[in-house]
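Input: a single structure, listed below in structure tokens.
The values are calculated or read from the model by the stated rules, or taken from the named source; none is laboratory data. Computed from a prediction, not measured in an experiment: that's the story for all the values here. Cβ: placed from backbone, ideal geometry, glycine included. Neighbour counts: every protein chain shown. Side chains are part of the model used for accessible areas, which takes the heavy atoms of the whole protein and leaves out ligands, DNA and RNA. Shrake-Rupley method; radii C 1.70, N 1.55, O 1.52, S 1.80 Å.
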Amino acid sequence: MFDKAKARVDARREARQVPPPLDPEQAAKEAHERDKGLTKHHFEPHEHPCVRIEHLMKTFDGETQVLTDVNLTVWPGEVVCVLGPSGSGKSTMLRCINLLETPTAGHILIEDKEITGHLPTKEVNKLRQNLGMVFQSFNLFPNLTAKGNVMIGQTKVLKKSKEEAEAEALKQLDAVGLGDRADFKPAQLSGGQQQRVAIARAVAMHPDILLFDEPTSALDPELVRGVLDVMRDLAENGGMTMIVVTHEMGFAREVADRVVFMEGGVVVEQGTPEQVFDNPQHNRTAEFLGSIG
Ligand SMILES: Nc1ncnc2c1ncn2[C@@H]1O[C@H](COP(=O)(O)OP(=O)(O)OP(=O)(O)O)[C@@H](O)[C@H]1O
Ligand SMILES: [Mg+2]
């Protein structure tokens, strides 16, 4: 069964002429060379990227090609902000990384482990534990309190005891400034507070990488700052590896180690915030930044 599935993947790979993923040592070496000028993040010679995306392609319904050829590496502890116009494929890329979507071709490797192809459900679940995701629309359980929302993944997925999960939930709610709202239901919280609960929930699972998909886009302007402050704290004091799709240019400029501009299903340009914001190399990047700045 597995061999058949593997043969199908190999056949598809061949048909689309996607080269096999690089050997980890070689990939790390190439990424070191390429990335040292593109990010403010410091990595050691022995380190390997924690996310490697090579020639990622995603097609819906066999015809709508949304990701054409995405290549990106992310290092442990790096904060990468992804910008780009609506429809450029930003959410699709994030969703491919945690396998909410199945890539059509190409490779995604997490900690040097290929996740594209046919993984057993057990492996997929394990992978998802290491990849926290924060959505635009919070996605909290409405019938549970803030504390209950932060506890449920810990008890159900990590099999922690109720006491342990509760202690962790209170700690994480405290860290996002909501220690006094632990017993409130989502409907009794503001949008900004709900999003901070969602972040506490993701962090309580102790993932290796946190993915954010426009976490502040659904918020009233006065509530945005509180959420960004929590994210900044995670990046600067928590050492968290983060991929953040955002339109918050101030946040990207100040907090990101690397800024990635996507359009039409490809990474058009990437670099340090200074490089991308102050000296974009592509017209499309400059036009996009001009249109929103
Ligand atoms: N399940 C799907 N079926 C068909 N097309 C899809 C599907 N999901 C996304 N698309 C298409 O893929 C393209 C990219 O969508 P995606 O949501 O990744 O863009 P985005 O960059 O996140 O945009 P936004 O800034 O508006 O969130 C869009 O044209 C969208 O219509
Ligand atoms: Mg999106």
Self-check item: Peptides 94-102, 204-212 ordered by average Cβ neighbours within 10 Å, highest first
Solution: 204-212, 94-102
Quiz prompt | Dipole magnitude (debye, nearest 20) for the stretch 12-103, charges at Cβ of Lys, Arg, Asp, Glu | solution = 220 debye
Quiz item: For the stretch 233-292, with the dipole built from +1 on Lys and Arg beta-carbon atoms and -1 on Asp and Glu ones, taken about the Cα centre, which of 247, 283, 271 lies farthest toward the positive end?
Solution: 283
Practice problem: Report, in debye and to the nearest 20, how large the dipole of the stretch 129-223 comes out about its Cα centre when Lys and Arg carry +1 and Asp and Glu carry -1 on their Cβ. | Solution: 360 debye
Quiz item: Under the Kirkwood approximation for Rh and a Cα-based Rg, what ratio Rg/Rh is obtained for the stretch 180-226?
Solution: 0.98
Quiz item: Can you give the percent of C-alpha pairs in the stretch 42-190 whose distance is more than 18 Å?
Solution: 67 percent
Quiz item: Relative to the present Cα-Cα distance, how much length would full extension add between residue 124 and residue 162 at 0.36 nm per residue of separation?
Solution: 11.2 nm
Practice problem: Could you name the aspartates and glutamates whose alpha carbon sits less than 18 Å from that of residue 147, not counting residues in the same chain fewer than 8 places away? | Solution: 163, 164, 166, 168, 174, 180, 183
Quiz prompt | Probe 1.4 Å, protein heavy atoms only - accessible area per residue of the stretch 52-112 in square angstrom | solution = 32 Å²
Self-check item: For the chain: span of alpha carbons on each principal axis (Å, largest first)
Solution: 54, 52, 41
Quiz item: So what is the accessible area of the stretch 114-168 per residue, in Å², with the probe set to 1.4 Å?
Solution: 56 Å²
Exercise. Would you mind telling me the share, in percent, of accessible area of the chain contributed by carbon and sulfur at probe 1.4 angstrom?
Key: 50 percent
Exercise. Could you sort out which of 122/156; 58/90; 126/156; 126/160; 126/159; 156/185 sit more than 18 Å apart by Cα distance in this structure?
Key: 156/185
Quiz item: For the stretch 124-222, what mean projected area does the convex hull of the alpha carbons give, in nm²?
Solution: 6.1 nm²
Quiz item: So for 217, 291, 86, what's the accessible-area order with a 1.4 Å probe, most first?
Solution: 86, 291, 217
Quiz item: Which whole number of Å³ per residue matches the convex hull of the alpha-carbon atoms in the stretch 189-293?
Solution: 109 Å³
Quiz item: So what is the accessible area of the stretch 224-293 per residue, in Å², with the probe set to 1.4 Å?
Solution: 43 Å²
Quiz item: So what does log10 I(q)/I(0) come out to for the stretch 239-293 at q = 0.14 Å⁻¹, using the Debye formula with one equal point on every Cα and no solvent?
Solution: -0.34
